Amino acid sequence: MKKGWSKYSKLLLCFMAVLLIVTGCGCDKKEKKEDKKKTESKVTLLDDQTVEGLAITGFSITYDKGMSKIVANVKNTNATEQSLKTIEINLYDKKGKMLIQTYGYIGDTIAAGDNKQIITDVTEDLRSATKVEYKIAR
């Protein structure tokens, strides 16, 4: 009886070893899938404008990771230095509804013929903007 039991014990041990190797190897090679949310980036370009002798060109909105970055170039086309506090930026959608009112700052003055850049970040999605209006605060 000992010989029979010993035979079954060895068979059971071999079967368990094979089972452990097969399942262990399969578990080790599993890839961890990370659910990455894709952020949709979009650049919106709006028309150039001249307001009170300040040419505002290259206006763009870039949306990425929940932030909209507004960038515009400002050139003083006047013959004299201009003093200002801020440039008010009003953005509208295609239905004429105001999306946001924000401000750009380029310093207290801008020399004649000089170029400066507005860079403003906002936490709203402005990808639907189709129109921009500026007001110069002096």
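Tabulated values for the structure
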quantity: Scan of region 59-86 for residues that are in contact with a strand residue (DSSP E or B) (Cβ under 6 Å, 6 or more places away or on another chain), loosely packed, with under 14 Cβ neighbours inside 10 Å and of a type in the set (Gly, Ala, Ser), ordered by number; calculated: Ser60, Ser83
quantity: Residues of region 90-108 that turn out to be touching a Phe, Trp or Tyr at 6+ places or on another chain (Cβ under 8 Å) and either closer than 20 Å to Val74 by Cα or surrounded by 13 or more Cβ atoms within 10 Å (Cβ to Cβ) (or both), as a count; calculated: 2
quantity: Test result for Asp47, in a loop (DSSP other than H, G, I, E, B) and either touching a Pro at 6+ places or on another chain (Cβ under 8 Å) or modelled with pLDDT of 75 or more (or both); calculated: yes
quantity: Residue match in region 45-52 (condition: surrounded by 13 or more Cβ atoms within 10 Å (Cβ to Cβ), in the same structural domain as Thr130 (by TED's automatic domain parsing), among the hydroxyl-bearing types (Ser, Thr, Tyr) and touching a residue at least 12 places away in the same chain (Cβ under 8 Å)); calculated: no
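The values are calculated or read from the model by the stated rules, or taken from the named source; none is laboratory data. Here the structure is a predicted model, which is why all the values come from computation and not from measurement. Note: ideal-geometry Cβ built from the backbone for every residue, glycine included; neighbour counts use all protein chains shown.
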